[in-house]
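What follows is a short report on a single structure.
The values are calculated or read from the model by the stated rules, or taken from the named source; none is laboratory data. What you are looking at is a predicted structure, and each value in this text was computed from that prediction instead of being measured. Every residue, glycine as well, gets a Cβ built from its backbone with ideal geometry; the counts of neighbours run over all protein chains shown.
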């Protein structure tokens, strides 16, 4: 039953993402995974390219920053991680109709991960604001330095993410 609900959410993501992109007014970056991988290996852009290549993904025009959020925060790409990332963004102050929809439907359809979602919300509140950056402009920055601006050592992301992984499994 859980797998069926996850498939439903994946289908909803596919449908809503294509509609969302049609009406999104932002301009696409026009950057390929190969272009990102040609950047210096210490840059945010290279890390984004590696993330995409490892998953056989490409940047989705007009919503490229979403994958940048994954790279920055360390969230995976399975259904529960996608929802948890939106909870993190909500905790971080991001407010969009799409985000509200993901929170609502994700919680209703997959309540099994509520503890994980709430932990992600608290994580988003603890770290510095990240949803407002122009991520295309950030691509050439040193990944570790940029990430440390958002997620300080005081936040202790590794133990925190281990807690998230534990909560996802329980």
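Any residue in the range 82-100 that is part of a helix (DSSP H, G or I), more than 15 Å from the chain's Cα centre (by Cα) and modelled with pLDDT under 95?
Within the range 82-100, one or more residues are part of a helix (DSSP H, G or I), more than 15 Å from the chain's Cα centre (by Cα) and modelled with pLDDT under 95.
Checking residue 51 against (1) under 19 Å from residue 151 (Cβ atoms); (2) in contact with a helix residue (DSSP H, G or I) (Cβ under 8 Å, 6 or more places away or on another chain); (3) touching a residue at least 24 places away in the same chain (Cβ under 8 Å): exactly one of these is not met. Which one?
(3)
Being more than 19 Å from the chain's Cα centre (by Cα) and assigned to a helix (DSSP H, G or I) is the filter here; which residues of the range 20-46 pass it?
Of the residues in the range 20-46, the ones more than 19 Å from the chain's Cα centre (by Cα) are 22-23, 25, 27, 30, 34-35, 37-42.
Result: 22, 23, 34, 35, 37.
Filter the range 48-81 for residues that are over 22 Å from residue 117 (Cα atoms) and crowded, with 22+ Cβ neighbours inside 10 Å; which is farthest from the chain's Cα centre (by Cα)?
49
For the range 103-132, what are the residues that are without any contact (Cβ under 8 Å) to a residue 24 or more places away in the chain, under 30 Å from residue 33 (Cα atoms) and touching a helix residue (DSSP H, G or I) at 6+ places or on another chain (Cβ under 9 Å)? Quick ask: steps written out before the conclusion?
Residues of the range 103-132 without any contact (Cβ under 8 Å) to a residue 24 or more places away in the chain: 103-104, 108, 111, 114, 132.
This time we only want the ones that are under 30 Å from residue 33 (Cα atoms), so: 103, 132.
Within the range 103-132, 103 is the sole residue that qualifies.
Give the residue, chosen from 98, 113, 117, that is out of contact with any strand residue (DSSP E or B) (no Cβ under 9 Å at 6 or more places or on another chain), surrounded by 19 or more Cβ atoms within 10 Å (Cβ to Cβ) and within 23 Å of residue 132 (Cβ to Cβ).
Among 98, 113, 117, only 117 is out of contact with any strand residue (DSSP E or B) (no Cβ under 9 Å at 6 or more places or on another chain), surrounded by 19 or more Cβ atoms within 10 Å (Cβ to Cβ) and within 23 Å of residue 132 (Cβ to Cβ).
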